[in-house]
Every structure is written in structure tokens, then in C-alpha cells.
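Reviewing the structure listed below.
The values are calculated or read from the model by the stated rules, or taken from the named source; none is laboratory data. Note that the coordinates shown come from a computational prediction; the quantities given were computed from them, not determined experimentally. Cβ placement follows ideal geometry from the backbone for every residue including glycine, while neighbour counts extend to all protein chains displayed.
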Amino acid sequence: MASMKKNKVVRIATDAVNLPFAFGSGTGVQGLDVDIGAEIAKDLGYEPKWIKSPYERLFDLLANGEVELIISTISITPDRKKDFAFSEPYFETGNTIARRKDNEAIKDLNSLSGKKVGVQSSSTGHKFMESRAGSMKVTVAKFSTLDDALGALNRTEIDAVVGDEHILTYSIYKSYANLMTLGVRLTEEHYGVVVRKNEKQLLASVNATIERLKKSGELEVLRKKWFQDVMERVAKQRDDLQRNEIIKKGPKTVAFNFVKVSGNFPMDRLDGYQLTLVGPNGKFTSGPILTNGSRGSCKFSTPVPPGEYSLNMSILKLNTTIKIPKIAASSVTFDMKIAADKVDISQR
């Protein structure tokens with residue numbers, strides 16, 4: 001407390017690269033952590049002075065007396081509490097996994113085995129993955145910030161990122177349309193304000209401010225101010241994507257439409273004829289073809305799983321392969337155009 005009285009400010013260290021907690025260019029800084037710091041400083045009776053620093057140096061600044069507080073998405077851990085004092089928690093979070101949307105093979109912690117995973121250096125996500133790197137044969141790639149790790153993931157330089165759920169989710173929502181978080185926490189953690197162990201009076205004041213913000217509902221107001229409904233929107237997007245993936249992989253109701261575009265082939269010869277698809281997923285037979293003039297159609301009563309299938313129509317001297325696609329639809333229709341010299345098949 002003596003240093004604050006001398007300097008007439010509360011010096012607060014932060015790594016201003018974690019949207020929406022603390023960010024800003026030049027000397028400016030804003031975010032949820034910054035608003036909480038402003039409330040703490042107000043209750044102490046001083047102006048806040050924000051000291052920007054790389055994450056790795058935050059604890060050194062506090063230990064050396066260069067700042068009074070650290071407010072920078074710092075998770076409360078037993079190891080950190082050996083050397084520093086923490087306030088009561090002001091935010092609940094945890095580590096999760098981020099991947100590219102097209103990399104469906106990554107779906108949980110076990111699926112990271114043998115992969116290259118990005119982490120923010122010195123973070124709890126870094127420690128979590130390092131403790132499992134040997135047994136899971138994971139290559140851990142360290143980055144200065146989670147945003148740097150996400151950039152590498154977006155460029156396909158790494159397979160996944162493990163880090164803070166809220167920071168990853170918010171950054172992806174704002175900047176990385178090709179990425180997603182899995183929505184499953186690997187750890188449960190809480191952020192706290194960090195002070196030196198001998199600053200008991202300061203710690204008590206910080207805790208009083210946090211308690212005031214919680215009881216008054218102001219802390220929730222600040223959370224909504226900075227996150228708005230991003231987490232809810234992302235959860236809905238993730239649910240929609242998962243539903244679409246299930247539909248994509250699911251069997252399809254297959255229909256064929258036939259049309260004579262040229263030539264003298266009598267279409268009524270197709271009446272009663274049944275198509276057969278043969279592939280790794282089995283053999284599927286359509287209902288009878290029914291024609292009307294130059295057009296006809298048939299449908300498979302049993303849904304056909306996605307994959308490649310052989311189609312043989314001796315009546316048209318046709319032996320070909322068609323692909324039932326993985327699409328976000330429960331049905332697929334093919335058009336068969338019959339000409340004098342060829343038969344073309346296309347998917348609608």
C-alpha cells in the first residue's frame with residue numbers, strides 16, 4: 001500500500017492481447033479485466049496505471065515491486081499460490097480444444113494423440129499439454145499468445161490449439177471463420193487478481209471490491225458488456241454444425257429422374273426396370289421405374305449411406321460409378337439424360 005501512496009496510482013500489470021479481457025494498442029487498454037481493475041482502483045482511492053507486459057514477465061513485475069496488482073486472465077493454481085496471493089475468483093473458465101472445422105477427426109482429448117498442438121507459453125493449457133505430451137505422443141508448439149496459435153492453426157501449421165475457452169471462442173468468433181472450439185472443457189479454472197503475499201490489506205480491499213461487484217450484479221453486467229451473447233451464439237453454431245455433420249454422414253433417400261433428350265430409344269422399355277447400387281455399404285435396389293412420355297422416375301425405398309457405388313443398366317448398356325455425397329440433406333436426386341449416343345448422370 002505504501003507504493004500506491006507514494007506514486008498516487010495503482011500500477012496494474014496485464015498482457016493486453018486477450019480479447020475481450022484486456023486489449024488495446026499504444027498506451028490504451030480496455031476490456032473486462034480493465035473495468036474490474038478500474039473498480040478496484042476507485043475503491044482504493046487511486047487512479048489505475050496499466051503496465052503492459054508479455055505474459056511471461058507478469059509475475060516478475062509483481063515480485064520486483066514494479067506493480068501492485070496483476071489482472072490478466074490469471075488462473076488460480078496451487079503452484080502459483082505458493083509464491084503469490086490471489087483474490088477471490090471473479091471469472092469461471094477452463095481450457096478447451098480449438099480445431100479447423102474441416103478436421104472432424106479431432107473431437108476430444110484422446111484424438112490429439114500424435115498431433116501437433118499449439119499452446120500459449122507458460123499458461124495452464126501449456127502445463128496441461130506438457131504433462132500429457134509423452135504418453136499421448138503430442139508435439140507441443142509454444143506461442144506468445146493464443147491469437148498467434150490460432151493463426152498457425154488457421155494456416156494448417158498445427159492440428160489444434162489448447163487454451164482458455166472464453167478467449168479462444170471469442171477470438172474465433174471475431175476473426176477465424178474456418179475454426180471452432182469443441183465446447184468441452186479439459187480443466188475447470190477460475191481467474192483471480194494477483195498480489196504479493198505480504199499485501200494483506202491490499203488483498204482484503206481487492207476482495208471487498210469483487211464481492212461488491214458480485215452482490216450488486218455489476219460483474220454480470222460487465223461480462224455481458226464485453227461478451228454480449230457471443231458464447232451463446234457460438235454454442236448454437238456448434239450445435240447446428242454437429243447436427244449437419246450427423247445428417248451429412250447419414251444415409252440418403254435416393255431418387256432418379258430420367259429424361260430422353262435425343263434419339264429413338266423407347267422410354268416405356270424402362271417401365272418396371274429396377275436400379276441396383278452395389279458398394280462397400282451393401283446392395284440397394286430401387287422401386288420400379290415408371291415413365292410417362294419422354295420422362296420417368298424411381299426411388300430407393302431403403303436409404304443409401306454415402307459412398308461410391310457401381311450402377312449397371314444393361315438395357316442402356318450403362319456400367320458406371322456414382323457417388324452418394326456427404327451433404328447436409330436427407331435425400332439426393334440424380335438426373336439421367338438419355339441421348340442417342342450417350343447417357344449422362346448428374347446430381348441435382
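Go through (1) in contact with a strand residue (DSSP E or B) (Cβ under 7 Å, 6 or more places away or on another chain); (2) modelled with pLDDT of 95 or more and name the single condition N207 misses.
(1)
Are any of the residues in region 103-113 under 25 Å from the mean Cα position of the chain (by Cα), under 18 Å from A16 (Cβ atoms) and hydroxyl-bearing (S, T, Y)?
Residues of region 103-113 under 25 Å from the mean Cα position of the chain (by Cα): 103-113.
Those still in the list that are under 18 Å from A16 (Cβ atoms) too: none.
The answer is no, given that none of the residues of region 103-113 is under 25 Å from the mean Cα position of the chain (by Cα), under 18 Å from A16 (Cβ atoms) and hydroxyl-bearing (S, T, Y).
Could you list, ordered by first residue, the pairs with Cβ atoms under 7 Å in which the first is in region 247-265 and in the same structural domain as S301 (by TED's automatic domain parsing) and the second is assigned to a helix (DSSP H, G or I), at least 6 apart or interchain?
F258/L270; K260/M267
Output the number of residues of region 154-196 satisfying the condition of being in a helix (DSSP H, G or I) and farther than 22 Å from D239 by Cβ.
Taking region 154-196 first, the residues in a helix (DSSP H, G or I) are 154, 165-175.
Filter again for farther than 22 Å from D239 by Cβ, leaving 154.
Selection size over region 154-196: 1.
Any idea which of (1) closer than 24 Å to G28 by Cβ; (2) in contact with a His (Cβ under 8 Å, 6 or more places away or on another chain); (3) not acidic (D, E) is the one V140 doesn't satisfy?
Every listed condition holds for V140 apart from (1).
Picking from I36, I76, which residue would you name as being crowded, with 23+ Cβ neighbours inside 10 Å and at pLDDT 95 or above?
Checking each option against the conditions leaves just I36.
In region 79-105, which residues are surrounded by fewer than 19 Cβ atoms within 10 Å (Cβ to Cβ), under 19 Å from E157 (Cα atoms) and in contact with an Asp or Glu (Cβ under 8 Å, 6 or more places away or on another chain)?
If the condition is that a residue be surrounded by fewer than 19 Cβ atoms within 10 Å (Cβ to Cβ), under 19 Å from E157 (Cα atoms) and in contact with an Asp or Glu (Cβ under 8 Å, 6 or more places away or on another chain), then N103, E104 are the ones that fit.
Which strands (runs of 3 or more DSSP E) sit wholly inside region 284-324 and have at least 2 residues that are under 12 Å from Y273 (Cβ atoms)?
290-292, 295-299, 307-313
Mind counting the residues in region 266-295 that are aromatic (F, W, Y) and out of contact with any helix residue (DSSP H, G or I) (no Cβ under 8 Å at 6 or more places or on another chain)?
Matching residues across region 266-295 total 1.
I'm trying to understand the selection: among the residues of region 325-341, which are within 20 Å of K248 (Cβ to Cβ) and either assigned to a strand (DSSP E or B) or in contact with a helix residue (DSSP H, G or I) (Cβ under 8 Å, 6 or more places away or on another chain) (or both)?
Matches in region 325-341: K326, I327, A328, A329, S330, S331, V332, T333, F334.
Of all residues in region 116-140 being of a type in the set (G, A, S) and surrounded by 21 or more Cβ atoms within 10 Å (Cβ to Cβ), which is nearest to T187 (Cα to Cα)?
G125
Which condition from (1) within 15 Å of R100 (Cα to Cα); (2) crowded, with 19+ Cβ neighbours inside 10 Å is the one that T145 breaks?
All conditions pass for T145, except number (1).
For the subset of region 1-15 comprising residues that are touching a residue at least 40 places away in the same chain (Cβ under 8 Å) and either assigned to a loop (DSSP other than H, G, I, E, B) or among the hydrophobic types (A, V, I, L, M, F, W, C) (or both), which member is surrounded by the fewest Cβ atoms within 10 Å (Cβ to Cβ)?
M1
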